[in-house]
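So the structure is just underneath, and the comments pick up after that.
The values are calculated or read from the model by the stated rules, or taken from the named source; none is laboratory data. Predicted model only: the values in this text are computed from it and were never measured. Counting neighbours? That spans all protein chains shown, and the Cβs are built from the backbone with ideal geometry, glycine included. The accessibility values were calculated without ligands, DNA or RNA, using every heavy atom of the protein model including side chains. Shrake-Rupley method; radii C 1.70, N 1.55, O 1.52, S 1.80 Å.
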Amino acid sequence: YVAAVYEHESILSPNPAALVDRQTALELMGRNLDIYEQQVVAAARQGAQIIVFPEDGIHGFNFTRSSIYPYLDFVLHSHSGKWNPCREPYLFNDTEVLQRLSCMALENKIFLVANLGTKQPCEHADPHCPSDGRYQFNTNVAFNDDGMLVATYRKHNLYFEYAFDSPPEPDYKLFDTPFAGRFGMFTCFDILFFEPAVSLIKQYNLKQIVYPTAWMNQLPLLSAVEFQQAFATAFSVNILAANIHHPTLGMTGSGIYTPVKSFIYHNMESYGGKLIVAEIPVITTAFETNPEKTPSRVSEKGNEQLLPLFYAEMMYDNFTFVPLWEEKGELQVCANTLCCYLNYQKAVATDELYALGVFDGLHTVHGTYYVQACALVKCGGLSFSTCGQEVTDASALIGFQLWGNMSTSYIFPLLLTSGITLDFADHMGWKNSHYFISKNRTSSGLLTAALYGRWYEKD
């Protein structure tokens, strides 16, 4: 099927904390919706059957709970599947944004997924009801090609979003399409947690995901395109991921991903939005990774590894590292219960410092979640203290096998190359209670090759 995602440089309120009236809020959102409309037309012309827009793309961000209120549409979450806002605009007040999105879908005969802020009054008898008497949700909406509202999803894992409430229970939201079967949806930070993302995929055996996001890139392990690709690979799903484009805030990175191929956009240099349209296969059966070439255990004889262990902060976590000083070699490094092993060969000699790092513990900055990671990274310079820094360019072509005795079955294989481009592993999978990833030789300079494990039970 043909899918489209749009990375949108949203027109932002100059002062998001200011209180404005509904009319002023609608004017600002209208300018973003005008751009959406142009992109829907362009995508439909290229044969797209579905288009996905990013999180916060219509209203922007940095609001307070009260300042975002005029920007919120009214949505009855129980109403999806019964209401066509374009054809029946009179049913509810404060639904101007929904009406415009619905009409775009209807007029262009395309499925459309967008993210907006929504409000829902609540009774004080409801124990979860906020003191101002209303819920405010970060909401994804999906419309079918007739403009019908077919699904609404309220973001569960909020990322410092003080304007919004988390729904009392996680939403599991799906919609059906004639061209690719059933889609599930979640938003941004949700991708790092079991609920609802993993739970949704497993419960409904989903193969297609739509994913609006407003992601601030963090190298070396959590760049948007890097993690989106890893998620598609780990769960053997197609992901249509739309990010917003604000390079000054480190926000870029969208794509259409299959488990074996990606169509991505990552651009920190220029401004303006970007439409990606690609034809991808519908995944019908479980995709099998190819575990033929499996690594042999590193020999224990005499423990020849006399390389120095050192510690450095990476992703705000204290990693234990060992350097790659030779042209080729076998390394291991351990922390807590996790041991990481690496066989490597540099195809080209360069004067860059690489290191193999391990972390097994609770990550506590910008969210709390348990990580088990084995990571081969290029360091920022030639001293140990630069390992873990954000690096975007590398020239060493490396062949490697990386494996670890992971305690979780949820492992995201990361493979990022120079210029924030993606590469694909030759083989990956489980062998003798170790998870491994191998690559004969990277297609360009290696930035990160990692196994990013999420041990959800220990969150």
Exercise. Hey, what D do you get for the range 300-459 in µm²/s if you plug the Kirkwood alpha-carbon radius into Stokes-Einstein at 25 °C and 0.890 mPa s?
Worked result: 157 µm²/s
Seminar exercise, completed: Farthest towards the positive end of the dipole of the range 2-279, among Ser262, Val225, Ala43 and with Cβ unit charges of +1 on Lys and Arg and -1 on Asp and Glu, lies the Cα of Ser262
Problem set entry | Cα centroid of the range 51-122 to Cα centroid of the range 374-405, whole Å | 43 Å
Exercise. The range 1-98: which chymotrypsin sites (Phe, Trp or Tyr not before Pro) are DSSP loop and have at most 12 other beta-carbon atoms within 10 angstrom?
Worked result: Tyr90
Exercise. Using a basic spin-label model with each label point 7 Å from the Cα along Cα→Cβ, how many nm lie between Arg134 and Leu249?
Worked result: 2.2 nm
Exercise. So what's the angle, to the nearest 10 degrees on a 0 to 90 scale, between helix 224-235 and the longest Cα principal axis of the chain?
Worked result: 80 degrees
Seminar exercise, completed: One finds, for Tyr316 and Phe160 with R0 = 22 angstrom and r their Cβ-Cβ distance, a FRET efficiency to the nearest 0.05 of 0.90
Problem set entry | Partnerless Cys - the chain, beta-carbon criterion under 4.7 Å | Cys188
Problem set entry | Mean residue ellipticity (222 nm) of the chain, computed from DSSP H runs ≥ 4 via -39,500 (n - 2.57), nearest 500 | -4000 deg cm²/dmol
Exercise. Under unit Cβ charges (Lys, Arg +1; Asp, Glu -1), what dipole magnitude, rounded to 20 debye, does the range 319-422 have relative to its Cα centre?
Worked result: 180 debye
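So how strong a dipole does the range 2-279 carry about its Cα centre when Lys and Arg Cβ are +1 and Asp and Glu Cβ are -1, to the nearest 20 debye?
Result for the range 2-279 is approximately 500 debye, rounded to the nearest 20.
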Exercise. Arranged from highest to lowest average of other beta-carbon atoms within 10 Å per residue, in what order do the peptides 245-258, 117-130 appear?
Worked result: 245-258, 117-130
Exercise. Nearest-5 percent of antiparallel DSSP beta bridges in the chain?
Worked result: 85 percent
For this session: May I ask you to derive the FRET efficiency for Glu326 and Glu457 from their Cβ-Cβ distance with R0 = 35 Å, giving the value to the nearest 0.05?
Result: 0.35
Exercise. Using 7 Å Cα-to-Cβ label points, what is the Gln203/Ser444 separation (nm, one decimal)?
Worked result: 4.1 nm
Seminar exercise, completed: To the nearest 10 degrees, the tilt of helix 96-108 (Cα long axis) against the first principal axis of the alpha carbons of the chain is 80 degrees
Exercise. At Gln218 and Ala18, where each label point lies 7 Å from the Cα along Cα→Cβ, what is the point-to-point distance in nanometres?
Worked result: 3.2 nm
For this session: For the chain, report the accessible area per residue in Å² (1.4 Å probe, heavy atoms, rounded to an integer).
Result: 39 Å²
Exercise. What is the gain in length, in nm to one decimal, between Asp176 and Asp146 on full extension, counting 0.36 nm per residue of separation less the C-alpha to C-alpha distance?
Worked result: 9.5 nm
Seminar exercise, completed: Length gained if Cys122 through Ser383 is fully extended, taking 0.36 nm per residue and subtracting the Cα-Cα distance, is 88.3 nm
